[in-house]
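What follows is a short report on a single structure.
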Amino acid sequence: MAKKINRTDKLRKKLRQIDKSWYIFILILIVFLYLRFWNIIYTNSFGWDQARESWSVRDILKGQFYLTGFTTGVGHLPIAPLFYYFLVPFYAFFHLDPVGAIYFNIIENIINLWCIFFVTKKIFNTKAAIFAAILFSTCQYLIVIGQVAWNVTLLPGISAFIFYSVYKIYEGKYKWIFAMWTLCGFAYNFHFTALFYPLIGLLSLVFVKNRKLALKYSLYSIPLYLVWFIPVIIFELQNKGGGASDFFKNYFLGNHPRYFLYHFPQTFIKSLVMFKVIIGPDRFFEPATIFQFAIPLIFLFLVLFFEKDVKKKVFGYLLSLWFIIPLLGFSLYNGPLTEYYFLYQIPMVIFILIYIQQKLLSFQFKRIIYIILIIFWLTVVFENTKNQWIKPTAGGLYAQKKDFAKKVKLYEQIPFSEGDIESYMWAVYKENHILIK
């Protein structure tokens, strides 16, 4: 009996030692999961990307070894294939049912929220971390795009930890360089925009105290970065180029400065789009585009003219790299730019918003500013979530499965189509004798 009491007391002590902010995090996580994934089977249909990955995962389960993942629309540059292999156990567990991709996507989203909460707490404080988690959880754009089971989901979490690695390096913990370069390579399994990360990483080390040690550890980290590219390199060698070479041939608009100057304004607008989407839908404070330019301008103004702390000026420089490097790179890009190309900037946008608020609250009229900020963010949360609480009870992948089941009953033949999920389900039915329903 005494042993049981001692164990109970020990458990209570351990629970008391847990940071209470993690209890708040759990509450936010519950809301986060509801807004994104309640009745998710009825929310999103499986499109071309989801069908393509289903075919690839099925091939892997049949014994085929994939050296590459998705390819770019411009030049067909292949990315590393790890995303496919992450999906394998989920498709295997659900007997090739594409619903497995949804469950993996749920795990990815939870990782994203945890990364942003953890990193924000370490860089700023607990209140900032709670704010970051609430903002990330309730942003309408992030809710909708987070519901899609695809390869770019994990980018915000990865970029948050890359930035945290740089932050730790500036604290004098240079071994975090190994983590930074490992994550830069790892990100290439999810989207080709990870090609910007090495340059961001190198320029992030410019102001470290011990540059020789940073360079030394970076050279040691080359294998940790390149290891993620080995499958792609083998594929390129086996196929005598084509993918990567075609991409870089078609990537550039041209060498003349006029191409850059012509494309720069459009790219500049796109590269700041996350400042707009994090606030909310266009109907809120129309035109919402004002935030796209006002927030970064306020940030730069505060850092350049009101910041006396050298460390915080360096912090501003480190954040700005995540916008400047893609801006310059995409200004030479010959393909279309869509919003999700910049998902990796989400943590940096949140950090900038936190910095601006902390700076504003250090000025006079602190209480008035505080009240204004509370009213503003409560309005933002309301506007972003007011249409997200009531979830659909029909449609999505569920409807696609029902339509497929009807065709099976009518003995309809469904021809092969890489981008059609019903074609995939038909192949599973005919070849694996599994009726997905």
I'm trying to understand the selection: among the residues of region 291-305, which are among the aromatic types (Phe, Trp, Tyr) and buried (at least 16 other Cβ atoms within 10 Å of the Cβ)?
291, 299
Look at region 334-362 and say how many of its residues are under 25 Å from residue 130 (Cβ atoms), surrounded by fewer than 16 Cβ atoms within 10 Å (Cβ to Cβ) and of a type in the set (Ser, Thr, Tyr).
1
Within region 70-102, take every residue that is at positive phi and surrounded by fewer than 17 Cβ atoms within 10 Å (Cβ to Cβ) and give me the one that is modelled with the lowest pLDDT.
76
I'm trying to understand the selection: among the residues of region 306-333, which are surrounded by fewer than 16 Cβ atoms within 10 Å (Cβ to Cβ) and not in a helix (DSSP H, G or I)?
306, 308, 309
Within region 189-217, track down each residue that is of a type in the set (Ser, Thr, Tyr) and surrounded by fewer than 21 Cβ atoms within 10 Å (Cβ to Cβ).
217
Looking at the structure I just gave you, is residue 149 buried (at least 23 other Cβ atoms within 10 Å of the Cβ), out of contact with any Lys or Arg (no Cβ under 9 Å at 6 or more places or on another chain) and in a helix (DSSP H, G or I)?
no
Pick out the one residue from 397, 410, 332 that is closer than 30 Å to residue 207 by Cβ and among the hydrophobic types (A, V, I, L, M, F, W, C).
332
Output the residues belonging to region 108-146 that are in a loop (DSSP other than H, G, I, E, B) and within 17 Å of residue 273 (Cβ to Cβ).
139
Among helices (runs of 4 or more DSSP H) entirely within region 353-437, at least 3 residues that are at pLDDT below 95 and within 30 Å of residue 127 (Cβ to Cβ) occur in 366-385
Scan of region 388-416 for residues that are over 21 Å from residue 102 (Cβ atoms) and either in contact with a Ser or Thr (Cβ under 9 Å, 6 or more places away or on another chain) or loosely packed, with under 11 Cβ neighbours inside 10 Å (or both), ordered by number:
406, 409, 410, 411, 413, 414, 415, 416
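The values are calculated or read from the model by the stated rules, or taken from the named source; none is laboratory data. These figures come from a predicted structure and were not determined experimentally. Cβ: placed from backbone, ideal geometry, glycine included. Neighbour counts: every protein chain shown.
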